[in-house]
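Following: one structure in structure tokens, then a few remarks.
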Amino acid sequence: MDGLVYTKKAVILLNSRAITRVVSEAIEFYQLEPVVYDSPTRLIEDLTSKSLQVELIFFSKNLPGAAGDSLQFVKSVRDSYGGPLLLISSEEDVANIEHFVECGVTDVFSPNEIGQVISFISTYTSYRQTLMYDGKQTVLLVEDNMATARVISKSLEDIGIEVLHVITGREALTVLHFEKVDLVLVDFILEGDMTGTTLVRNVRRTSQWHSLPILAITGYTEPVRHLELLRTGVADVISKPVELSILQIKCKNWINSKRTFDLLMSKQAALLDIAHRDELTGLHNRAHLYEKIEEILKRSILKQTPLALMMLDIDHFKSVNDNYGHEFGDRVLQRIADCMRHNTRVEDILVRMGGEEFAIILENCPMKDAENKADKILADIRNANVDGVHVTSSLGLLCQIADGVPFSEFYKAADKALYDAKEGGRDRYVIAS
Ligand code: GH3
Ligand code: MG
């Protein structure tokens, strides 16, 4: 069996088009590439023949295309695939689920909890990043003296560091755009129109490279010259002639500290994501909305694009809780969240404002599209069936170019429209006047 491969491809083999779409969008959002299959036989053929190398596979218990045995399918996939194999199924029988896991399924998700699938993809991609990163250490060497470049490259390769060698500052910038580099080693007197100093300034200006350490190699030995280099933003200075054993240790040390820093940053981002999410539904929370809304309003003004705000509230939700219990009510809330996800784009902001009230922000969405979406969301909720129970919801819709209007005004107007939708008989949307 092959080990994990990093091809960015994620296979989707599901019998529901709606779920295929949502999973596919989530995969793209996390910068993987969805590959949709409609036949288990074809997927197994492609895996066996190695014409397809994938990182993730999502499949449903009722396989599309053929009435094949899904346990047999799992076993066949496992003969040639070692990565996560994820089942999306409403199967609730624990013994059956265990059977799948014994045969090689990594995890099982309910189609009603697509939020958990999305959260899996998010965790997987950040884990993958760390793994890929650990496998290889790469130094970008910018040096126009070929003899020096050869000696340095050899000494770094001897300790397992891959070296990408370029001659000019411009080439270095191009490489940085396309390759994952852990450290830059730059000779400060360079051929071409870009000196080492200009290169450092360009790197430091680009936010994605803020944590990238740069070591300067220089023929100057005077402390004042070194000070100058350190002031431009290099992490350390190495004098020529280069003492190779010291260079090796310095490179290793800087690569390690960069990795620790990156790991901390990604952990911090993950924590921030948790702080901005509602645990029950996986949607964003109020704090997230308030953090994002100012830039969203600015974009609407700058680009003169209409911004749609929907406020949605479940109808008579109290009686759902009263009749079926709070836990059942929670499942209804999760289901409503999925109805919202199915009908929006990944970049739209879906918020659980609190209780059974939700907000949806759609950037660059003209009124006609917003009305269409409102209709679809209301219909999806109306048709959703949680153990035979149906609920409806009401929606207030506002759609306009922000033009200096503070969010509190937007919110008030959409909320008033929501109130009017309730007054008007519920299970409908009303456009804010
Ligand atoms: P309306 O159609 O006018 O909106 O009526 P409603 O019953 O939906 O509104 P009301 O504000 O009277 O009741 C909202 C209910 O939502 C009351 C509260 O117990 C319930 N609720 C709020 N948060 C949660 C939650 O996290 N889980 C569950 N199960 N219920 C919740
Ligand atoms: Mg309500």
* Asked: Restricting the stretch 346-358 to residues that are in a loop (DSSP other than H, G, I, E, B) and in contact with a helix residue (DSSP H, G or I) (Cβ under 7 Å, 6 or more places away or on another chain), which is farthest from Ala384 (Cα to Cα)?
  -> Val346
* **Ile249 among the β-branched types (Val, Ile, Thr), open to solvent by 30 Å² or more (accessible area, probe 1.4 Å), under 30 Å from Thr123 (Cα atoms) and away from ligand 2 (no atom under 16 Å from the Cβ)** => no
* To do: Considering each residue of the stretch 285-302, count those that are more than 27 Å from Gly355 (Cβ to Cβ) and touching a strand residue (DSSP E or B) at 6+ places or on another chain (Cβ under 6 Å), and give that number.
  => 1
* Structure fact -> Of the conditions (1) within 16 Å of ligand 2 (Cβ to nearest atom); (2) open to solvent by less than 10 Å² (accessible area, probe 1.4 Å), the single one that Ala374 does not satisfy is (1)
* Structure fact -> All-but-one check, Met353 against (1) open to solvent by less than 50 Å² (accessible area, probe 1.4 Å); (2) more than 20 Å from Ala26 (Cβ to Cβ); (3) of a type outside the set (Ser, Thr, Tyr); (4) near ligand 1 (Cβ under 10 Å from one of its atoms), failing number (4)
* **Flag if Ser319 is at pLDDT 95 or above, part of a strand (DSSP E or B) and either open to solvent by 40 Å² or more (accessible area, probe 1.4 Å) or within 16 Å of ligand 1 (Cβ to nearest atom) (or both)** => no
* Determine, yes or no, whether Asp338 is in contact (Cβ under 8 Å) with a residue 24 or more places away in the chain, within 11 Å of ligand 2 (Cβ to nearest atom), under 21 Å from Arg382 (Cα atoms) and open to solvent by less than 50 Å² (accessible area, probe 1.4 Å). => no
* Residues of the stretch 79-116 being in a helix (DSSP H, G or I), modelled with pLDDT of 90 or more and either within 21 Å of Val386 (Cβ to Cβ) or in the same structural domain as Asp338 (by TED's automatic domain parsing) (or both), which ones? -> none
* Asked: If you check every pair at least six apart or on different chains, which have Cβ atoms under 6 Å apart with a residue in the stretch 376-397 that is closer than 22 Å to Ile431 by Cα and not assigned by TED's automatic domain parsing to the domain that holds Gly329 first and a residue that is basic (Lys, Arg) and within 16 Å of ligand 1 (Cβ to nearest atom) second?
  -> none
* **Residue list for the stretch 311-335, restricted to those being more than 11 Å from ligand 2 (Cβ to nearest atom) and among the β-branched types (Val, Ile, Thr)** => Val332
* Looking at this structure, is Val242 in contact with a Lys or Arg (Cβ under 9 Å, 6 or more places away or on another chain) and at negative phi? -> no
* Arg21 being over 24 Å from Ser126 (Cβ atoms) and at pLDDT below 95 -> no
* Asked: Of all residues in the stretch 218-240 being part of a loop (DSSP other than H, G, I, E, B) and among the aliphatic types (A, V, I, L, M), which is most open to solvent (accessible area, probe 1.4 Å)?
  -> Ala235
* Asked: Within the stretch 118-212, which helices (runs of 4 or more DSSP H) (wholly inside it) include 1 or more residues that are over 22 Å from the mean Cα position of the chain (by Cα) and in contact (Cβ under 8 Å) with a residue 40 or more places away in the chain?
  -> 146-158, 196-205
* Structure fact -> Selection over the stretch 249-304 where residues are under 27 Å from Asp338 (Cα atoms), assigned to a loop (DSSP other than H, G, I, E, B) and either modelled with pLDDT of 95 or more or not acidic (Asp, Glu) (or both) yields a count of 5
* If you check Ile361 against the conditions, is it open to solvent by less than 50 Å² (accessible area, probe 1.4 Å) and either within 16 Å of ligand 1 (Cβ to nearest atom) or part of a helix (DSSP H, G or I) (or both)? -> no
* Asked: Can you find even one residue in the stretch 328-341 that is within 13 Å of ligand 1 (Cβ to nearest atom) and among the basic types (Lys, Arg)?
  -> yes
* **Residue list for the stretch 378-412, filter: of a type in the set (A, V, I, L, M), surrounded by 20 or more Cβ atoms within 10 Å (Cβ to Cβ) and more than 15 Å from ligand 2 (Cβ to nearest atom)** => Leu397, Leu398, Ala402
* Structure fact -> Quick count over the stretch 413-423, residues being away from ligand 1 (no atom under 14 Å from the Cβ) and either open to solvent by 70 Å² or more (accessible area, probe 1.4 Å) or farther than 18 Å from Glu371 by Cα (or both), is 1
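The values are calculated or read from the model by the stated rules, or taken from the named source; none is laboratory data. Model, not experiment: these values are computed from the prediction. Glycine also receives a Cβ, built like all others from the backbone with ideal geometry; neighbour counts cover every protein chain displayed. What goes into the accessible areas is simple: the full protein's heavy atoms, side chains included, and nothing from ligands, DNA or RNA. Shrake-Rupley method; radii C 1.70, N 1.55, O 1.52, S 1.80 Å.
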